[in-house]
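Notes follow the structure.
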Amino acid sequence: KISQTYKSQNFDNRVNNVKIKYIILHYTETKTLKQAIKLLCSDVRKVSSHFVIDEFGNIFNLVDENKRAWHAGESSWHKETRINDLSIGIEIVYEGEKSKRKYSDSQINSLIILINYLKEKYRIKQSNILGHSDIAPNRKVDPGIYFPWELLSKNSIGLWVKNRQNNSKLGKENLKQFLKNL
């Protein structure tokens, strides 16, 4: 079930009805859903995502999928820029590395279900499911070092690079190898 309880006004139209081909994963840097909703619906911060998953695994739809949510910021992948136009953004309620804890099993289980639904609906390649750190490596680290990329890869979601120095950023050499494997 996907709740429609909260809605963000921070969105606009996708440019020229482009094809959705990426899913971008983020963490909220908040402790609670209430804090995350306040951030993702703020008319001051002007950020949003299509979905947010709370600490208990509940999924909330904040922006319609056919609209452009403002989650990726200045970003690129391969030769493409304007990733917001081409992607669905999913935020996970999680404090970040400072918490020194793993994501909850219920969050990850819900994330896998949601991603599999979106992958099928939009025919998104496994290799096009990325972290914010992948598309903006010089400014973002989310979904962070505690994110279970290896588990997701075993579920045909994203790509796990075994020799990454950490799970939040690809080093230049690892990035070259990663791109060769696409």
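The values are calculated or read from the model by the stated rules, or taken from the named source; none is laboratory data. The shown structure was predicted, so the numbers you read here are calculated from the model rather than taken from an experiment. Every residue, glycine as well, gets a Cβ built from its backbone with ideal geometry; the counts of neighbours run over all protein chains shown. The accessibility values were calculated without ligands, DNA or RNA, using every heavy atom of the protein model including side chains. Shrake-Rupley method; radii C 1.70, N 1.55, O 1.52, S 1.80 Å.
Here is how the numbers come out for the structure above:
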{"item": "Qualifying positions in the range 58-74 - open to solvent by less than 30 Å² (accessible area, probe 1.4 Å), more than 15 Å from Ile113 (Cα to Cα) and not in a loop (DSSP other than H, G, I, E, B)", "result": "Ala69"}
{"item": "Residues that are assigned to a helix (DSSP H, G or I) and at pLDDT below 95, drawn from the range 93-105", "result": "Glu97, Lys98, Ser99"}
{"item": "Total residues in the range 15-52, condition touching a residue at least 60 places away in the same chain (Cβ under 8 Å) and under 23 Å from Glu97 (Cβ atoms)", "result": "12"}
{"item": "Residues of the range 113-162 satisfying the condition of being among the aromatic types (Phe, Trp, Tyr), within 19 Å of Phe51 (Cβ to Cβ) and open to solvent by 50 Å² or more (accessible area, probe 1.4 Å)", "result": "Tyr117"}
{"item": "Those residues of the range 29-38 which are in contact with a Ser or Thr (Cβ under 9 Å, 6 or more places away or on another chain) and crowded, with 19+ Cβ neighbours inside 10 Å, in sequence order", "result": "Ala36, Ile37"}
{"item": "Hey, Glu55 of a type in the set (Asp, Glu), assigned to a loop (DSSP other than H, G, I, E, B), within 19 Å of Pro137 (Cα to Cα) and touching a residue at least 24 places away in the same chain (Cβ under 8 Å) or not", "result": "no"}
{"item": "Flag if Ile108 is open to solvent by less than 30 Å² (accessible area, probe 1.4 Å) and either within 18 Å of His26 (Cβ to Cβ) or not in a helix (DSSP H, G or I) (or both)", "result": "yes"}
{"item": "Close pairs from the range 89-104: first open to solvent by less than 30 Å² (accessible area, probe 1.4 Å), partner among the aliphatic types (A, V, I, L, M) and at pLDDT 95 or above, Cβ under 6 Å, at least 6 apart", "result": "Gly89/Ile24; Gly89/Ala69; Ile90/Leu25; Glu91/Val52; Ile92/Ile53; Val93/Leu33; Val93/Ala36"}
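Yes/no per residue for (1) farther than 26 Å from Pro148 by Cβ; (2) among the acidic types (Asp, Glu); (3) within 15 Å of the chain's Cα centre (by Cα):
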| site | (1), (2), (3) |
| --- | --- |
| Lys21 | no, no, yes |
| Leu40 | no, no, yes |
| Phe56 | no, no, no |
| Phe60 | no, no, yes |
| Asn66 | yes, no, no |
| His71 | no, no, yes |
| Ile83 | no, no, yes |
| Ser87 | no, no, yes |
